[in-house]
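A.B. asks: Pasting a structure below so you can have a look.
None of the figures in this text is laboratory data; all of them are computed from the coordinates on show. What you are looking at is a predicted structure, and each value in this text was computed from that prediction instead of being measured. Positions of Cβ are backbone-derived with ideal geometry, glycine not excepted, and every protein chain shown enters the neighbour counts.
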Amino acid sequence: MFLKKVAATGMVLSAVALATTEAFAAGFQLTEQSVVTLGRAYAGSGITGDDVSAPFYNPAAMVFLPGTQIQLGVTGVSMNQVVKIERGADAGTTNDGQHKTEFLPNFYVTHQINPEWWVGLGITMPFGLSTDYGQYPNWKYGNRGTEAELMDIDINPSFAWKPNDFFSVGGGISLQYAKAKLGLDATLGNLYLGHGEETGDSWGWGWNLGFVLRPTDNFRFGISYRSAIKHKASGHFEISDASSINLGGDSSVPISGLNGKYPSKVTIKTPDTVYASAQWDASNDLTLTGTVRWAKWSNSKVWTLRQSGNFSTGNSQVDSNPIVGQVLNGLKNIPIRHHYRDTWLFALGADYKINEQWTVRGGIAYEENAAGKDQTYRVATIPDGDRLFLSLGCSYNFDKHWSVDSAVLWVQGLGTTEFYAHDRTDYQNAGVTNPQRTGKWTTQHSLIYGLQLRYKF
């Protein structure tokens, strides 16, 4: 059903604009907020004191950053998502959803006020997305998205308090802005009606809190929490390519009246996130780290897109068609179902100090997908799947003030990732008990790399 699916996918974007995918990460979450952390596959996130990312990962760990420290970094994400189409006119062909390489900047500054108090600021991109499959009128999945882009900026001032050497606590406020667009093929059954583009933006706010325990000089452990952020996105869906369709018989009927912009609004939540990280200095030169992350993606099982405007094809004959009329009426309140589940990430890392200038590191991690076992709810623009992370990195200290960090991480998708023309609920409403998949991803991997510069006053 054309417009119902148009609006539903439009909701994906407005939701994407509120929250979305790294290199096919769980749901739509970016973990790449530090190049040092990237180099150990996210292990020890925020508590190690060897970079300035504590305001994001765990503000209580700012107590391991003496004086004033500034950090500026950038991470590049190159994604390769090859889809094999199994049904429709394009059956047997493949398509790569890789878009241009996206660069994710981050900035941090921390300042020690006195022996007990610290303040800091982090500016990051915790959610992001870029996929592009092109326009495929005969691709059955096109009505659920063909391309998507997201820009998300999080501004996070924070504080930390250290009453003693054993314990520290910290917290902060997150002010978040998101802007995104989604392209999709508008279809009615097997008929192509045009290509559309949804855009939306939103401001939201949340908070983070954490603590760190240091029972011995060579061991520390921390837990942090980042709250869900509610976004109330406003935007529009624009149809620009509608011309004519054939509803039966020999002649086509014009539908150019569908072309135009339609206001849209949606309210959703990003996931609550909990980090648990530990660091053990096994020797003067070797440090071992670990992280477990839990994300409450069950916040995003169902979203509802509310649209306003006069939905008409511009042709009374088409508008009076029962199917088309039902779709036009249903545009005012459209659900899109992801049925996301909560996810876990597990990471282990190691750092080795070669000398006073050089440190090398590596890591391994595994993360669950948010889509769950029922793959009919997965959308191509958010190609979620289980994944394995392998990383390498290094740091070089120029002097007591300046240092530079670099890292590269490989993300490999695991298992079979399928997609369908509709979700499970739509199939059930249509009386379909055994949905046939439209295609599957034959390739899912990403290359992530980063460079950052630090200065200590």
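A.B. asks: What ranking do M125, M62, M79 get, fewest neighbouring Cβ atoms within 10 angstrom at the top? Intermediate values should be presented prior to the final figure.
C.D. replies: On the way: M125 22, M62 32, M79 25.
Ascending number of Cβ neighbours within 10 Å: M125, M79, M62.
A.B. asks: Hey, any idea what the orientation-averaged projected area of the convex hull of the stretch 264-323's Cα atoms comes to, in nm²? Write down the numbers at each step before the final one.
C.D. replies: Numbers: hull surface 32.5 nm².
Computed as one quarter of the Cα hull surface, the answer is 8.1 nm².
A.B. asks: Here's a follow-up. Can you tally the net charge around W402? Count Lys and Arg as +1, Asp and Glu as -1, for every other residue whose Cβ sits under 15 Å from the Cβ of W402. Numbers along the way, then the final one.
C.D. replies: Working: positive: K400, R454, K456; negative: D50, D51, E356, D399, D405.
Charge balance in the 15 Å sphere: -2.
A.B. asks: Let me check I've understood the local charge: for N164, count other residues with C-beta under 15 angstrom from its C-beta, Lys and Arg +1, Asp and Glu -1. What total comes out? Walk me through the numbers on the way to the answer.
C.D. replies: On the way: positive: K162, R214, R220; negative: E116, D165, D217.
Taking every Cβ under 15 Å from that of N164, the sum is 0.
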